[in-house]
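Beneath this line is the structure, given in structure tokens, with notes to follow.
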Amino acid sequence: MEPCCGPAGNRHAISFYRHPKLVSLESGEVVARWEDLDTGKQVGSMISGAKLPPLAIDVQHHRFAVAGPENVGVVQIDLAE
């Protein structure tokens, strides 16, 4: 396992626009997506009209959770690529 600086390691980032996506920092390619989890359309850190669902990021265990209307979706990120 590579040293980690975030929940997706050093070579990937997570985008939460519309739904979570795992993005390669090297190529910009989306390498995984979770379209069943709605994470809203906010495009910046300032409060706008966009409503975000509650979410939590667990850097140590390489996972995140998104609360939906009926349940909570938990995604474990596999860093062993």
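The values are calculated or read from the model by the stated rules, or taken from the named source; none is laboratory data. Here the structure is a predicted model, which means the values were calculated and not measured. Note that we place each Cβ from the backbone using ideal geometry, even for glycine, and neighbour counts take in every protein chain shown.
Is it the case that region 13-25 has a residue that's touching a Pro at 6+ places or on another chain (Cβ under 7 Å), surrounded by 10 or more Cβ atoms within 10 Å (Cβ to Cβ), at pLDDT below 90 and not charged (D, E, K, R)?
The answer is no, given that none of the residues of region 13-25 is touching a Pro at 6+ places or on another chain (Cβ under 7 Å), surrounded by 10 or more Cβ atoms within 10 Å (Cβ to Cβ), at pLDDT below 90 and not charged (D, E, K, R).
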Only one of these conditions is not met by GLU35: (1) at pLDDT 90 or above; (2) surrounded by 13 or more Cβ atoms within 10 Å (Cβ to Cβ); (3) touching a His at 6+ places or on another chain (Cβ under 6 Å). Which number is it? (2)
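What are the residues in region 62-80 that are assigned to a loop (DSSP other than H, G, I, E, B) and touching a residue at least 24 places away in the same chain (Cβ under 8 Å), if any?
Of all residues in region 62-80, those assigned to a loop (DSSP other than H, G, I, E, B) come to 62, 68-71, 77-80.
Scanning region 62-80 gives HIS62, GLY68, ILE77, LEU79, ALA80.
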Within region 8-31, how many residues are touching a residue at least 24 places away in the same chain (Cβ under 8 Å) and of a type in the set (Gly, Ala, Ser)? 2
